[in-house]
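The structure under discussion appears below in the form of structure tokens.
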Amino acid sequence: MLAKGENPNAALQSERADGEEVRHLYVHIPFCPKVCPYCSFYKETSDRNKTQAFLDAVLRELDGQQTMLPPLRPKTIFFGGGTPSALSTPQLEYLLGGLRERLDLGALEEWTLEMNPATVSLEKARALRALGVNRISMGVQSWEPQLLAVLGRVHSAEQARRSYEILREAGFENVNLDLIFGVPTQTPEMWRRSLETTVAMRPEHISAYNLTYEEDTEFFRRFVSGELRQDEDADAALFEMTADTLAAAGYEPYEISNFARPGRECAHNLAYWQGADYLGLGPSAFSTVGECRWANVRDTAAYNARIHAGETAVDFREDVPPTMRRAESIAFGLRTNRGVAARELAAWPEKVAEFGELGLLRVMAGERVILTRKGRLLADTVAAAFI
């Protein structure tokens, strides 16, 4: 925790002139039409009384950060949440327009915004495209009405289909669709249908996540009470089905949960996984620059109040020495299809050999180490051995 008024970036300020550019920006929009029972990201139901103060706070936070950090010249921008598309069209125009006024976007290649199918309109989609957003990530989660109800989603399958059509009509040529497997009451046939339906729509990218029971969620409380259960063997079978179905349709598994057509990988997420510096704005947002990492307070009202009072919104900070960043790069790198350079694991020859004999790791041409498909099912366990 930081003392009131403490500057979390003081160590960076003196190095600003000589620092490398920060090339990746994340903006956290905490508002949702409804809080889903499985989601552990910081979020809250939409509140008109907080929204304008929040929009102004994000822009003021950006102004403050740019006086202290190395120059921000984003290559990627990602608006996550929460539900960024829960903002109205004028609100999005105000926020995105404010960013455009403050930032040099000459190097920008990818600008992603997450959307809920219930909050998509042609007017909003066209406005986003005109403002420079060129990639949409839409949380469909399932095409089964029964499972949408279990997940507490506010959209229907038909609404998700129409929202996808609207995005195409608005000119978006890079769309990701999110799906979840391992949902209570979900059968293998339900999952197969969701995969086949999604593939038939031909999005450029598909994210397929195994449901996990995270603390501070309704699902976690029901899991702890025994009402909900997780079947690891069943989940593994669904993972295998996912890999087979999407590979056959031309989607490459470039990360454990992410599949893309060639050249359509999410550049922003790849930057995270490859250990790049990034700045996060908004409540709960993390930032990592150089050997410093910090996170903003997980409370929108407190975030707004602090920023408007000229105080820092940061309430967590830690040093990230090279040894820690190296360990993180190994853990995240192993999740990707590129794996990690063999030299990075040279200190653990016995572990590499052991996991190789177990069929969890493969050394490619003596230069890179990657997880096998079997290893991807145990990615966290394998990575832990090298940290």
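Nothing in this text is a laboratory measurement; each read-out follows from the coordinates by a stated rule. Fair warning: this is a prediction, and the values are worked out from it, not measured in the lab. Positions of Cβ are backbone-derived with ideal geometry, glycine not excepted, and every protein chain shown enters the neighbour counts.
Cα centroid separation, segment 254-271 to segment 83-139: 20 Å.
Add -39500 (n - 2.57) for each DSSP H run of 4 or more in the chain, then divide by its residues: what number comes out at 222 nm, to the nearest 500 deg cm²/dmol?
Values: 15 runs with 151 residues, N = 387.
Helix contribution divided over all residues of the chain: -11500 deg cm²/dmol.
Give me the number: length gained by fully extending E357 to S329, i.e. 0.36 nm times residue separation minus the C-alpha to C-alpha distance, one decimal in nm. If you can, show how the numbers build up before the last one.
Values: separation 28, 0.36 × 28 = 10.08 nm, distance 2.36 nm.
Full extension of this stretch gives 7.7 nm more.
Label sites at H308 and T45, each approximated as a point 7 angstrom past Cα along Cα to Cβ, lie 2.2 nm apart.
Look at the alpha carbon pairs under 8 Å that are at least 6 residues apart: their mean separation over the length of segment 264-387 gives a relative contact order of 19 percent.
Annotation: cysteines of the chain without a disulfide-compatible partner (Cβ-Cβ under 4.7 angstrom) are C32, C266, C292.
Once the C-beta distance of I387 and R202 is scaled by a Förster radius of 35 Å, the resulting FRET efficiency is 0.35 to the nearest 0.05. Which FRET efficiency value, to the nearest 0.05, do you get for R338 and T187 by plugging their Cβ-Cβ distance into 1/(1 + (r/R0)^6) with R0 = 41 Å? Calculated transfer efficiency: 0.75. Screening the chain for DSSP H helices whose Cα atoms reach 15 Å or more along their own axis and whose mean Kyte hydropathy is at least 0.0 gives 232-248.
Under a no-solvent Debye model with one identical scatterer per Cα of the chain, what's log10 I(q)/I(0) at q = 0.10, 0.14 Å⁻¹? Reported log10 I(q)/I(0), two decimals: -0.70, -1.40. Using the Karplus relation 6.51 cos²θ - 1.76 cosθ + 1.60 with θ = phi - 60°, the per-residue 3J(HN,Hα) values for segment 275-291 come to x, 6, 5, 7, 10, x, 10, x, x, 6, 5, 9, 9, 9, 9, x, 9 Hz, with x marking Gly and Pro. Close amide-amide hydrogen proximity is noted between G81 and I29, each under 5 Å apart and 5 or more residues distant or on a separate chain (H modeled in the peptide plane; Pro and chain starts excluded). Non-local lysine pairs in the chain, meaning eight or more places apart or on different chains, with alpha-carbon distances under 26 Å, amount to 9. Taking all Cα pairs closer than 8 Å and separated by 6 or more residues, the relative contact order of the chain comes to 17 percent. Summarising the label geometry, the points placed 7 Å from Cα in the beta-carbon direction at R102 and R221 lie 3.6 nm from one another. Relative contact order for segment 317-387: 36 percent, from Cα pairs under 8 Å spaced at least 6 residues apart, divided by residue count. Computed packing ranks the peptides 32-42, 75-85, 99-109 as 75-85, 32-42, 99-109, most packed first, by mean other Cβ atoms within 10 Å.
Quote to one decimal, in nm, the extra length available between Q146 and D319 on full extension: 0.36 nm per residue of separation minus the C-alpha distance between them.
Extra length from Q146 to D319 when fully extended: 57.7 nm.
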